[in-house]
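Following: one structure in structure tokens, then a few remarks.
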Amino acid sequence: MTRYHPLDATYIAHIRAGGADVNGQPAERAVSEGAGNPCRCCLAQVPKGAAMLILAARPFPKPQPYAETGPVFLCAKDCTAWDQDGIPPNLTSSEQYLIKGYCSDHRIVYGSGQITPKDALPDYVDSLLSRDDIAFVDIRSATNNCFIARAKTQP
């Protein structure tokens with residue numbers, strides 16, 4: 001079964017407590033405009049008018065050439081991290097997404113990346129995860145390349 005995962009809970013707690021992001025800076029505080037501000041914890045849109053954090057994230061264990069860093073949003077207040085079956089709301093709000101498979105060494109598996117329409121996302125993610133050379137799949141914004149969620153096969 002494929003499960004979708006938010007950013008690491010320890011990193012999120014660190015940021016919300018005022019810790020530095022992967023660029024060594026505190027998160028910026030802003031107010032959500034609603035649509036277009038997807039939280040990387042609850043994997044839903046930060047509600048319109050709610051406080052949010054803008055920060056640099058690198059969803060990889062350490063820097064290396066394939067460890068992409070980019071801007072992400074978080075609900076400023078604690079929210080419940082996505083831990084459900086099915087497709088999170090953040091993966092239904094755009095028309096298409098950038099999907100890329102990675103090996104167990106956190107390197108992109110060349111040939112796996114493609115812009116995928118939202119309706120084809122689950123099938124393409126599952127097809128990548130069925131391959132022996134792919135350990136996980138990252139889903140990113142097709143227009144801004146921002147990390148949205150990670151997919152893995154769960155027993």
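Ellipsoid fit via the Cα gyration tensor, region 89-153: semi-axes of 19, 12, 10 Å, each the root of five times an eigenvalue, largest first. Computed over the chain with a Gaussian network model linking Cα atoms closer than 10 Å, the most mobile of 35, 56, 27 is 35. The GNM of the chain, with springs linking C-alpha atoms under 10 angstrom apart, assigns the highest mean-square fluctuation among 144, 37, 90 to 144. For the chain, modelled as a GNM whose springs connect Cα atoms under 10 angstrom apart, the maximal fluctuation among 64, 114, 25 occurs at 64. Using θ = phi - 60° in the Karplus curve 6.51 cos²θ - 1.76 cosθ + 1.60, the 3J(HN,Hα) couplings for region 55-60 round to 8, 8, 10, 9, x, 10 Hz; x is entered for Gly and Pro.
In this structure the amide hydrogen of residue 57, modeled in the peptide plane, comes within under 5 Å of the amide hydrogens of 70, 72, none closer than 5 places in sequence on its chain. Going from the fewest other Cβ atoms within 10 Å to the most, the residues 93, 130 appear in the order 130, 93. Extension gain for the segment residue 66 to residue 143, taken as residue separation times 0.36 nm less the Cα-Cα distance, is 25.8 nm to one decimal. Checking the Cα-Cα distances for 118/152; 77/152; 62/100; 48/77 against a 22 Å cut-off, the pairs over it are 77/152. Computed 3J(HN,Hα) for region 39-53, one whole-Hz value per residue from the Karplus formula 6.51 cos²θ - 1.76 cosθ + 1.60 where θ = phi - 60°, is 6, 8, 10, 7, 6, 10, 5, 5, x, 4, x, 7, 5, 9, 10, glycine and proline marked x. Here P(r) over Cα pairs in 10 Å bins from 0, in percent was calculated from the structure, and among (i) 11, 42, 36, 10, 0; (ii) 11, 40, 31, 14, 4, 0; (iii) 10, 34, 30, 18, 7, 1 it sits at label (i).
Report the one residue of 103, 13, 2 whose Cα lies farthest in the direction of the positive end of the charge dipole of the chain (charges on C-beta: Lys and Arg +1, Asp and Glu -1; origin at the Cα centre). Toward the positive end, the furthest listed residue is 13. Between residue 131 and residue 119, the modelled label-to-label distance comes to 2.5 nm, taking each label 7 Å out from Cα in the direction of the beta carbon.
Relative to the Cα centre, the charge distribution of region 7-75, modelled as +1 at Lys and Arg Cβ and -1 at Asp and Glu Cβ, gives a dipole magnitude of about 100 debye.
Under a model in which nothing but the beta-carbon of Lys, Arg (+1) and Asp, Glu (-1) is charged, the chain shows a dipole of about 320 debye around its Cα centre.
Separation of region 66-83 from region 94-155 is 17 Å, based on Cα centroids.
State to the nearest 20 debye the size of the charge dipole of region 113-155 about its Cα centre, where the only charges are +1 on K and R beta carbons and -1 on D and E beta carbons.
180
Each reported figure results from applying straightforward, stated rules to the coordinates on display, with no laboratory input. Small disclaimer: the values here were computed from a predicted structure and weren't measured. Neighbour counts run over all protein chains shown; Cβ positions are idealised from the backbone, glycine included.
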